[in-house]
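Notes follow once the structure below has been shown.
The numbers here are math on the coordinates, done by the rules we state, and not lab data. Owing to the predicted nature of the structure, the values given are computational and were not obtained by experimental measurement. As a convention, Cβ positions derive from the backbone with ideal geometry for all residues, glycine included, and neighbour counts pool all protein chains shown.
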Amino acid sequence: MLKRVSASFFLSIIFCAIAFSQSVQKFAEIGNFKLENGEIIQSCRVGYRTFGKLNSDKSNAILFPTWFGGNSAGLTGLIGPGNMADSTKYFIIAVDALGDGESSSPSNSKLQPKEKFPQFNIRDMVNSQYIFITKILQLKHLLCVMGGSMGGMQTFQWIVSYPDFMDKAVAWVGSPKLTSYDLLLWNTELQVINSELQSSVPENEIMKSIADITDLNIRTPDYNVKHIKPEDFYSQLKKYRESFGRGFNVYNWRSQLKAMIAHNVSYPYGDDMNKAAARVKAKVLSIVSLQDHMVNPAPAIEFAKMINAKTLELNNDCGHLGPGCEMEKVNKAVNEFLDEK
């Protein structure tokens, strides 16, 4: 038993050392970046981390964009042997979306800080990543683009904007276009942020208000009733507010919030989703959570039909976090999809 424990212990240390060495935060400078609205992000940079090894013919690269409010460090738990993105098989590029605090953002721009930072959209995120992939990493093709939540929105945008650039795509709890319910949620958060900034409310206090709205919608009512006792509510709420206030910058949050509100893959095609769908050439796996109260699954389900995508429908009480509650099932589906010839 001691030998087994020792061997496992040292193997885990070696693996962690390898994973850490490959997951160091890096930055690519892509110069002045012109947005779709004509504005320019000056001295734009794209943050990223890489995992695994690029094979000789450069055919195993997977791009993994970040979710709303997240950064590439937050994706590392989904990367590695047996996980959603298996770095023993694939070269994983975890890329920071504009506005996440690593790539160019209102919080880190010295030339255009806070309100001075230009407003970007999801297509701008994808376009900046395309420049990074082709000019900096010098890749001409990707095996796959995969992402969840806002990362799923970027994935849908990738397959429409650059249909020949990837063989496959995996989007979970994302959407090609927001529903009226999604818009109600995100505009409520936007209104709170704008009102409290105008009233000079401290930024960390504003994020506590946003934490309440997010917590209300990220899981289902059934989940909260089942897992949080009324007598524990206030202590749980305090912990969530405090962690949220420390972890997120209000200006970054607002910038990505606006990008999602404007998200619509069919916008350049006269708001015709059929025309957007006709551009898609990649094989697609779409994973939705049927009880998602944060990103309604209906548009993703409909778009999947238009592009003949494979679908995985999850029906649990975890809401937007549904994939995390059935991670083994999701990982299996993604890996089988990626293994298909």
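By counting other Cβ atoms within 10 Å of each Cβ, how are V46, V295 ranked from fewest to most? Before the final figure, lay out the partial values.
Numbers: V46 24, V295 30.
Ascending Cβ contact count within 10 Å gives the list V46, V295.
With a point put 7 Å past each Cα toward its Cβ, work out how far L183 is from F27 in nm, to one decimal.
3.7
With a cap of 13 neighbouring Cβ atoms within 10 Å, and only residues DSSP puts in a loop, list the trypsin sites (Lys or Arg not before Pro) found in region 71-149. Could you put the intermediate results ahead of the total?
On the way: sites: K89, K110, K114, K116, R123, K135, K140; in loops: K89, K110, K140.
For trypsin sites (Lys or Arg not before Pro) across region 71-149 that sit outside H, G, I, E and B with at most 13 neighbouring Cβ atoms in 10 Å, the list reads K110, K140.
Rounded to the nearest 20 debye, what is the charge dipole size of the chain about its Cα centre when +1 sits on each Lys and Arg Cβ and -1 on each Asp and Glu Cβ?
Taking the Cα centre of the chain as origin, the dipole is about 980 debye.
If you put +1 on each Lys and Arg Cβ and -1 on each Asp and Glu Cβ, how big is the dipole of region 182-257 around its Cα centre, in Debye rounded to 20?
200
Not counting the cut sites, what is the longest span of the chain without GluC sites (Glu not before Pro) that DSSP labels loop and that have at most 16 other Cβ atoms within 10 Å? Mind dumping the intermediate values first?
Working: sites that count: E36, E39, E340.
Result, exposed sites excluded: 40-339.
Tally the DSSP beta bridges in the chain and give the antiparallel ones as a percent, rounded to 5.
Working: 12 of 36 bridges.
About 35 percent, rounded to the nearest 5.
Counting Lys and Arg as +1 and Asp and Glu as -1, what is the net charge of the other residues whose Cβ lies under 14 Å from the Cβ of K135? All intermediate terms of the calculation are to be shown ahead of the outcome.
On the way: positive: R45, K140; negative: E29.
For residues surrounding K135, the net value is +1.
Using Cβ counts within 10 Å as a stand-in for footprinting exposure, how do S103, S195 rank, fewest first? Provide the component values of the computation, followed by the final result.
Values: S103 27, S195 12.
Going from least to most buried by this count: S195, S103.
Looking only at L178, L35, L197, which one moves most when the chain is put into a Gaussian network model with springs between Cα atoms under 10 Å?
Taking springs between Cα atoms under 10 Å, the residue moving most is L197.
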